[in-house]
Structures are given as structure tokens and as C-alpha cells.
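Taking it in order: structure first as C-alpha cells, then the write-up.
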Amino acid sequence: STMFNSDSKQTHVMPEIVTQNGKHAFMVDGKPYLVLGAQSNNSANYPAALAKVWSVVEQMSANTLSIPVAWEQVEPIEGQFDFSYLDVLLAEARERDIRLNLLWFATWKNNAPHYAPSWVKLDNQRFPRVVKKDGSSLNSMSPLGKNTLEADKKAFVKLMEYLKSHDKQHTVIMVQIENEVGTYGSKRDFSELAQSQFEQMVPQELVDTLKVKSGSWSEVFNKDADEYFHAWYIAKFCEELAIAGKAVKDLPMNVNVALRNPFYPGDGYSMGGPTDNVIDLWKIAAPSIDMISPDIYFRDHLTVDRVMELYSRQDNPLFISEIGNDQPYARYFFTAMGYQGIGFAPFGMDFTDYANYPLGAKSMSDETIAPFAEIYSLMRPFADVWATLSFENKVWGVAEPHDSLTEKQSIWNANTTEEQIPVSAVELDPALFTQTLDLGLWNAEVTYGRKMFWIDPPIGNAPASGGALIAKLSENEYLVTALRARVSFSPSTEIVDKHHMIERVEEGHFEDGKWIFERVWNGDQTDWGLNFTSVPHLLKVTMATYEL
Ligand code: N0T
């Protein structure tokens with residue numbers, strides 16, 4: 001079909017997020033792009049550190065690097081700009097054919113202004129911090145500081161001007177505004193300035209869109225007023241950056257989220273950031289921001305799946321801006337694809353000698369890289385085909401749903417996840433290792449931890465690590481790949497009384513978007529379902545019914 005024919009590569013077309021029929025594509029060089037990403041550790045944003053980043057990016061088969069650019073390094077003295085780091089970063093990325101997602105670490109880097117220049121972060125008069133209810137100050141900037149916004153915006157615009165003049169080929173395909181904005185320890189700024197603002201009427205655009213009665217923040221939002229107020233003004237701050245930046249160079253822009261636990265939110269999270277309770281509010285306040293992207297440090301399947309569901313919306317393409325770099329997280333790549341995700345980026349992927357355990361892996365090593373490298377090597381040869389299918393066709397993606405026993409660790413802000421009672425895997429219900437997907441005329445059953453031969457029930461992989469992807473090519477034709485899983489097709493109720501069979505299973509690969517046939521799977525290779533090991537296989541499955 002034409003969809004797999006590669007168009008002649010269009011260069012210098014601006015990257016953009018395109019949404020059609022509620023589905024999204026991240027267009028890079030004029031065609032859908034799948035971000036097989038890696039994020040460096042913090043502090044990797046200096047030329048001297050880059051070699052230690054590239055080696056991991058390469059080992060992973062990633063196609064995109066997310067890496068900070070800090071306000072403190074580009075404007076160390078007010079009004080004096082230095083983009084020499086970017087000169088090096090862009091040149092080295094191009095040599096390696098890697099695209100970049102620049103992370104603008106500025107007014108907020110997880111709550112604090114640590115990455116702002118000294119002339120900003122030491123001048124509280126000019127750049128005021130959040131004041132708590134008790135009058136004490138937090139080391140988190142107030143979103144109401146006009147000087148802060150103007151100074152940050154000025155530097156951000158300089159950055160975008162640099163990209164406009166030095167990056168005609170769009171090596172940088174997207175920009176993240178700030179990092180995990182929000183404030184720990186107060187629901188809002190209670191300074192005098194903030195208080196008088198808080199007593200004003202809720203902005204009309206928010207009232208109108210939410211279809212609520214107008215009034216003051218407290219009148220309209222009651223107990224949520226403090227948090228919504230803070231979220232609104234942080235979102236507006238970020239929106240102003242996005243507008244000003246895009247006016248210079250119209251790249252896709254996102255914000256990332258320090259998530260709250262979707263099941264047990266509590267109130268210890270980064271308030272004012274785009275947590276799940278304020279996504280709608282953020283969307284209203286910041287229409288120029290293309291994506292609100294979750295940073296996932298929950299290890300269990302149930303919570304991860306819920307987070308991805310919450311952040312994949314018709315008005316929000318799912319981009320996993322960060323996810324822990326430990327083994328259990330890798331399989332959630334498949335889950336992200338099931339939510340039509342446009343990309344995925346494990347955090348801390350470099351040899352700069354830092355490990356954010358218990359969020360991620362205990363240390364960086366070949367062993368840490370391997371689970372991600374395995375998936376990216378599988379995807380890399382047909383990443384653009386998958387991105388196109390995800391945009392134009394129906395796709396499914398699932399990860400092994402059962403968590404390995406050791407994965408139920410109490411992790412920052414996820415510590416209420418229920419502990420699992422240890423039982424040996426064979427005593428467990430096979431349903432725990434089974435997912436059923438409704439593909440239309442056909443269903444697919446994905447199971448984990450079985451022999452390739454025969455029908456012994458699934459017992460899960462140890463550790464949980466499987467996943468499967470299916471794309472519908474036509475009513476009876478599917479593209480299928482998986483790791484450590486069995487995929488079996490069966491008729492749906494619509495055709496259940498017809499005779500059916502697998503007509504043909506082709507193994508092949510894509511070259512420049514074109515399907516290249518290698519062989520037919522038959523006999524043992526299809527009699528017990530399609531069994532995928534740790535070796536990449538890409539299959540085109542044709543199902544058929546027949547009359548007697
Ligand atoms: C992530 C990463 C990096 C009160 C953690 C996770 C990254 C940031 N934050 O390694 O710092 O830049 O986006 C949230 C963890 C919350 C810690 C609670 C501190």
C-alpha cells in the first residue's frame with residue numbers, strides 16, 4: 001500500500017504536532033516521527049560531559065536525546081548571552097544523526113530556581129519567591145513575579161533566536177518549557193501581591209470554558225481555590241514563554257509533570273504543575289503548549305497504565321517525557337504505544353556517574369541499558385511506519401500486566417500502592433498473564449511466560465518484561481511484533497460461526513518504509529499462536545474465514 005512508500009525526504013520542514021480525528025502525529029521532516037528517546041541526567045549540559053551521553057544514546061539505538069539547556073549557562077550575566085554549549089551540542093548531534101529535545105531549565109527546575117543565574121536566584125526583591133500562609137518563604141519562584149517572567153522570557157526568546165539562525169535543519173525538534181513546574185510545600189503564593197490577586201474575580205476565559213458561575217477564586221473553586229490559582233498563574237507564565245518563543249521559531253513545545261499518584265493523590269506533590277486534577281485548567285490557560293507530558297516513576301503496571309490513560313487525550317498527545325531507567329519500566333514502552341504515544345524517554349541515560357535510585361536503576365551499566373536497547377532496536381527499523389500507522393490506522397500496545405514481586409517498592413509519592421502477597425507464579429490465575437484485545441472482526445490474546453510449543457497456561461516472565469504491538473492494516477490484516485509474549489488471533493462474535501484460519505503469516509522487515517518479505521511462518525511457528533522471544537521478529541498476519 002502507498003502508506004509504506006517512502007516519500008522523498010523533505011528537509012527544512014518545521015517539526016509540528018498534527019491532530020486529525022483525535023489522533024496525533026509528531027511530524028519531523030514532513031512525516032510522522034516516533035521519539036525513541038533518552039534523557040540525560042541533570043548537569044550533563046556541558047560540552048565536557050557530552051561524550052558520556054552519546055555513548056549511551058548510541059548503545060540504546062535511541063533517535064532523540066532530551067538534554068537540558070540552563071538559563072544560568074546562557075545568561076550568566078544579565079544581558080550577556082553565550083550559546084557556545086549549543087554550538088557543540090548541535091554539531092555533535094548532527095554527526096550522529098540524533099535529534100534533540102531541549103529542556104529549558106530556568107525559573108522552575110522541580111520547584112526551585114536552582115538553574116536560574118545568580119543575578120536572578122539571589123535577588124528576592126526583584127524576583128520574589130512563593131510566600132507560605134505563615135509568612136515564611138519557599139525556594140520556589142512566585143508565578144506572579146512580573147520581572148521573573150520578563151527576564152525568563154527574554155532569555156528564552158534568545159534561545160529560540162539562536163535556534164532560528166543556527167538550526168535551519170531542525171536538529172532540535174522540540175523544546176520543553178521549564179522542568180516539572182510547581183511548588184512543594186504550599187498550595188500557592190500567599191504574599192501580599194498574590195493575596196490581592198487571589199481576591200479578584202476568576203479570569204473570564206476560565207469561567208466561560210468551565211461553564212461555572214463567576215466569582216472570586218474561593219467562591220468558584222472552594223477548597224481547590226488555592227491550588228487552581230497557583231496552577232493558573234504558572235500555566236500562564238509558561239504560556240507567555242511559549243507564545244514568545246514560537247513567534248521566533250514555531251517548534252512544538254511541552255511541559256513535563258511531577259505526577260501525583262492517580263489513585264492516592266495526597267497533598268505532598270508539586271502543586272500548581274499540570275497534575276491530573278488540573279489538566280483541563282492548564283489546557284485553557286496554556287493553549288500554545290502542545291503537550292503536557294508525564295514523568296513516570298511509578299513501577300507498577302496498574303498505576304502506569306492509569307497515568308498514560310490520563311495524559312493521552314484528543315487535546316494531548318502522549319509523550320513520556322521521563323520514565324525510570326530501571327528494568328521494570330522498559331516494557332511500558334508498549335503501553336505508551338497502545339495509547340498512541342508519540343515518544344518515550346527513560347531518564348538518566350548516560351555515564352556521567354549518577355543514579356536516581358530508587359526512582360530508576362541502582363547504577364548505569366550495560367545491563368541497565370539492555371532492556372531499552374532491545375525495544376529500540378526492535379522499533380528503530382520501522383519507527384516511522386509505526387508512527388504513521390498510529391496516526392492513520394488503529395493500533396494496540398500492551399505490556400505484561402503482572403508486576404514482578406520485587407517491583408512493588410514504595411517509591412516517592414507512590415508509596416500507597418498495595419503490597420503484593422508473595423505467591424509462586426504457578427499458583428496464580430493464568431488470567432493475570434493474559435490480555436484480550438478487540439481488533440474488530442478478530443480478537444487477539446496476548447499471554448506471557450509460556451513455552452513456544454503446546455498449550456500450557458502462561459505463568460508470566462520473570463522478571464515481567466513482555467509486550468506486544470499490533471497495527472491494523474485492513475479488516476483481516478495485521479502487523480504484529482512482540483517480545484517474550486504469545487499473540488493468538490481468534491474470531492470475534494461477529495464471525496464466530498464461520499470457519500476460520502490463519503491464511504498467511506509473513507515475516508519481514510521495512511526498508512525505507514517498504515515491506516520486505518523474508519519468509520512465511522507456518523507449522524510449529526503458527527500452530528500454538530505466534531510466539532515471540534527476545535529476538536526481534538516483525539510479522540504481517542492475514543486471517544481468513546471460509547465456507548464448507
Ligand atoms: C525528575 C528527575 C530529575 C522533594 C529525578 C522526579 C528530572 C526531574 N524528578 O531524578 O530531577 O530533572 O524532572 C520527581 C521526583 C520528586 C522528588 C521529590 C523532591
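The values are calculated or read from the model by the stated rules, or taken from the named source; none is laboratory data. Just so it is clear, the structure is predicted and the values come from calculations on it, not from any experiment. With ideal geometry, Cβ positions are generated from the backbone for all residues, glycine too; neighbour counts draw on all protein chains shown. Just the protein is used for accessible areas: all its heavy atoms, side chains included, with ligands, DNA and RNA removed. Shrake-Rupley method; radii C 1.70, N 1.55, O 1.52, S 1.80 Å.
Looking for something modelled with pLDDT of 95 or more, within 23 Å of P15 (Cβ to Cβ) and in a helix (DSSP H, G or I) - is there at least one such residue anywhere in region 361-369? Within region 361-369, not a single residue is modelled with pLDDT of 95 or more, within 23 Å of P15 (Cβ to Cβ) and in a helix (DSSP H, G or I). Quick check on A62: is it outside any helix (DSSP H, G or I), at pLDDT 95 or above, closer than 22 Å to N179 by Cα and more than 15 Å from the ligand (Cβ to nearest atom)? Answer is yes for this residue. Evaluate the following for P143: is it in contact with a helix residue (DSSP H, G or I) (Cβ under 6 Å, 6 or more places away or on another chain) and farther than 24 Å from E227 by Cβ? No: the conditions fail for P143. Looking across region 157-201, the residues that are more than 30 Å from G215 (Cα to Cα), touching a residue at least 60 places away in the same chain (Cβ under 8 Å) and assigned to a helix (DSSP H, G or I) come down to V157, K158, L159, M160, E161, Y162, L163, K164, H166. Annotation note: of V480, V535, V446, V505, the sole residue that is without any contact (Cβ under 8 Å) to a residue 24 or more places away in the chain and of a type in the set (V, I, T) is V535.
Would it be correct to say that G215 is over 22 Å from D189 (Cα atoms), touching a strand residue (DSSP E or B) at 6+ places or on another chain (Cβ under 9 Å), small (G, A, S) and open to solvent by less than 50 Å² (accessible area, probe 1.4 Å)? Spelling it out, it is not the case that G215 is over 22 Å from D189 (Cα atoms), touching a strand residue (DSSP E or B) at 6+ places or on another chain (Cβ under 9 Å), small (G, A, S) and open to solvent by less than 50 Å² (accessible area, probe 1.4 Å).
Which one of these is over 30 Å from E322 (Cα atoms) and surrounded by fewer than 21 Cβ atoms within 10 Å (Cβ to Cβ): Q169, Q200? Step through it out loud before you land on a result.
Working: Q169 fails: over 30 Å from E322 (Cα atoms).
Exactly one residue qualifies, and that residue is Q200.
The residue that is surrounded by the fewest Cβ atoms within 10 Å (Cβ to Cβ), counting only those in region 448-469 that are part of a strand (DSSP E or B) and touching a helix residue (DSSP H, G or I) at 6+ places or on another chain (Cβ under 6 Å), is L469.
Rundown of residues vs (1) within 16 Å of the ligand (Cβ to nearest atom); (2) more than 19 Å from K168 (Cα to Cα); (3) of a type outside the set (S, T, Y); (4) open to solvent by 30 Å² or more (accessible area, probe 1.4 Å), yes/no style:
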residue	(1), (2), (3), (4)
T19	no, yes, no, yes
K23	no, yes, yes, yes
F26	no, no, yes, no
S40	yes, yes, no, no
A51	no, yes, yes, yes
V56	yes, yes, yes, no
P68	yes, yes, yes, no
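Of the residues examined, T533 is not one that is outside the structural domain of P328 (by TED's automatic domain parsing) and at pLDDT below 95.
A count restricted to region 322-359 and to residues that are touching a residue at least 40 places away in the same chain (Cβ under 8 Å), of a type in the set (F, W, Y) and open to solvent by 10 Å² or more (accessible area, probe 1.4 Å) stands at 4.
Kindly evaluate Y478 against the criterion of being of a type in the set (F, W, Y) and touching a Lys or Arg at 6+ places or on another chain (Cβ under 7 Å). Taking the combined requirement at face value, the residue satisfies it. For region 274-305, a tally of residues being small (G, A, S) and open to solvent by 10 Å² or more (accessible area, probe 1.4 Å) returns 1.
Among the residues here, L149 does not qualify as part of a strand (DSSP E or B), modelled with pLDDT of 95 or more, surrounded by 19 or more Cβ atoms within 10 Å (Cβ to Cβ) and aliphatic (A, V, I, L, M).
Taking region 254-344 and the helices (runs of 4 or more DSSP H) fully enclosed by it, the elements with 1 or more residues that are closer than 29 Å to Q20 by Cα, within 14 Å of the ligand (Cβ to nearest atom) and within 13 Å of the chain's Cα centre (by Cα) are at 301-311. The lone criterion from (1) in a strand (DSSP E or B); (2) within 23 Å of the chain's Cα centre (by Cα) left unmet by N443 is number (2).
Inspect region 187-205 for any residue being closer than 30 Å to G343 by Cβ and basic (K, R) and give the result as yes or no. No: region 187-205 contains no residue that is closer than 30 Å to G343 by Cβ and basic (K, R).
Between V505, V535, the distinction of being exposed (fewer than 15 other Cβ atoms within 10 Å of the Cβ) and farther than 19 Å from T434 by Cβ belongs to V535 only.
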